[in-house]
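Everything on this sheet refers to the single structure shown next.
The values are calculated or read from the model by the stated rules, or taken from the named source; none is laboratory data. As the structure is a prediction and not an experimental result, all values here were calculated from the model. Every residue, glycine as well, gets a Cβ built from its backbone with ideal geometry; the counts of neighbours run over all protein chains shown.
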Amino acid sequence: MNLDAFRSWLEHHFSGRFLENAPMSEYTSFHIGGPADVLVNPRNGEEIRTLLEAARQQSVPVTILGNGSNLLVRDGGIRGLVIKIGNNLNDLTVKGSRIQAGAGVSLAAISNRACQEGLTGLEFAVGIPGSLGGAVLMNAGAYDGEMAQVVETVRVLAPDGTIRELSHDDLDFSYRHSSLQDGSSVILDVLFHLNAGERDAIRAKMDEFTLRRRTKQPLDLPSAGSMFKRPKGYFAAALIDEAGLRGYRVGDAQVSEKHTGFVVNRGHATASEVLALIRDVQDKVFAFAGVHLEPEVRIIGEDKKE
């Protein structure tokens, strides 16, 4: 990795628009994570293409970041380049029963626009934090809905620099999974196929989901959303609760007292504390019920060197 040469290239092409030693705790909903070597927030797909090509030439590893809402960054941070797909990729257009939206658009914005247009199918997404790109990548879902049910096509920037359109079948959706998780392509925008509905009924369902989130989830503390995938035939939160782990702590990392499917940051939690808590929960739940819990949250970066 020739990071110095890459920094020089950034000074020439992205002067004043990149951040060195960017604290990832400020870019994740968990408020946890060590520094990234370099972070850039590109304005459009062409700038993403340029960044990827320059990074490839200098053998600089690349990490794509959305809103950081389903992410735990280790305490040593991230080596190489972090490309933050933010509000700049925020186009949103309606074409009959279809909505096309950029990867940086929030799920709440898309859900509300669908409601305004009298289109049903995205109600489940109204309270899911984060941006569209990450949601499609992870096939995010809630309340019996998921991205796989409404995504028609996805446009991506492929490793060779070409823009490709992937069909629903190409995406190989399954529970909290898509083929895009191999990390080789960058999501640019998504086309949803929705159905005509009654605006008031759509809004009522969205309001119901929002209320359920507010009353049941620990929205007052930093977290990365649901920590564990749902094991087949079980609910992770119920298993954790039944194993006696409600409120269990490792340092400032805690199994939420309000919803045991969440791990919250009580103030100054480190990634190492969260990872230790995850291991403890996995061990105790397996000893209690014989079920292995698999993290739903993406875990990236390096451990902090002593």
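Every condition in (1) under 27 Å from Ser29 (Cα atoms); (2) over 19 Å from the mean Cα position of the chain (by Cα); (3) surrounded by fewer than 22 Cβ atoms within 10 Å (Cβ to Cβ) is met by Asn90 except one, and the failing one is (2).
Of the set (1) surrounded by 18 or more Cβ atoms within 10 Å (Cβ to Cβ); (2) more than 20 Å from Gly141 (Cβ to Cβ), all apply to Gly225 but (2).
Kindly establish whether Gly104 is surrounded by 22 or more Cβ atoms within 10 Å (Cβ to Cβ), at positive phi and in contact with a helix residue (DSSP H, G or I) (Cβ under 9 Å, 6 or more places away or on another chain). No. Would you say Pro61 is of a type outside the set (Gly, Ala, Ser), touching a residue at least 24 places away in the same chain (Cβ under 8 Å) and under 25 Å from Glu273 (Cα atoms)? So Pro61 does not fit the description; no. Only a single criterion out of (1) in contact with a helix residue (DSSP H, G or I) (Cβ under 8 Å, 6 or more places away or on another chain); (2) modelled with pLDDT of 95 or more; (3) surrounded by fewer than 16 Cβ atoms within 10 Å (Cβ to Cβ); (4) under 28 Å from Val151 (Cα atoms) is not satisfied by Asn195, namely (1).
Name the one entry in Arg74, Arg49 that is in contact with a helix residue (DSSP H, G or I) (Cβ under 6 Å, 6 or more places away or on another chain) and either closer than 19 Å to Ser184 by Cα or in contact (Cβ under 8 Å) with a residue 60 or more places away in the chain (or both).
Numbers: Arg49 fails: in contact with a helix residue (DSSP H, G or I) (Cβ under 6 Å, 6 or more places away or on another chain).
After ruling out the rest, the residue left standing is Arg74.
Checked against the criterion of being within 27 Å of Asp220 (Cβ to Cβ), aliphatic (A, V, I, L, M) and out of contact with any Leu (no Cβ under 6 Å at 6 or more places or on another chain), the candidates Val126, Val94, Val105 yield just one match: Val126. May I ask you to list the residues in the stretch 116-129 that are acidic (Asp, Glu) and either surrounded by fewer than 23 Cβ atoms within 10 Å (Cβ to Cβ) or part of a loop (DSSP other than H, G, I, E, B) (or both)? The answer is Glu117, and nothing else.
Could you tell me whether Ala276 is out of contact with any Ser or Thr (no Cβ under 6 Å at 6 or more places or on another chain), over 20 Å from Thr28 (Cα atoms), of a type outside the set (Ser, Thr, Tyr) and free of Cβ contacts under 8 Å to residues at least 40 places away in the same chain?
Working: out of contact with any Ser or Thr (no Cβ under 6 Å at 6 or more places or on another chain): yes; over 20 Å from Thr28 (Cα atoms): no; of a type outside the set (Ser, Thr, Tyr): yes; free of Cβ contacts under 8 Å to residues at least 40 places away in the same chain: yes.
For Ala276, the condition - out of contact with any Ser or Thr (no Cβ under 6 Å at 6 or more places or on another chain), over 20 Å from Thr28 (Cα atoms), of a type outside the set (Ser, Thr, Tyr) and free of Cβ contacts under 8 Å to residues at least 40 places away in the same chain - is not met.
Results for (1) in the same structural domain as Leu194 (by TED's automatic domain parsing); (2) assigned to a loop (DSSP other than H, G, I, E, B); (3) surrounded by fewer than 17 Cβ atoms within 10 Å (Cβ to Cβ), shown as yes or no for each residue.
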{"site": "Gly133", "(1), (2), (3)": "yes, no, no"}
{"site": "Val136", "(1), (2), (3)": "yes, no, no"}
{"site": "Ala148", "(1), (2), (3)": "yes, no, no"}
{"site": "Glu152", "(1), (2), (3)": "yes, no, yes"}
{"site": "Val156", "(1), (2), (3)": "yes, no, no"}
{"site": "Pro159", "(1), (2), (3)": "yes, yes, yes"}
{"site": "Glu165", "(1), (2), (3)": "yes, no, yes"}
{"site": "Asp169", "(1), (2), (3)": "yes, no, yes"}
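Residue-level check: of (1) surrounded by 21 or more Cβ atoms within 10 Å (Cβ to Cβ); (2) outside the structural domain of Asn112 (by TED's automatic domain parsing), Leu180 misses just (2).
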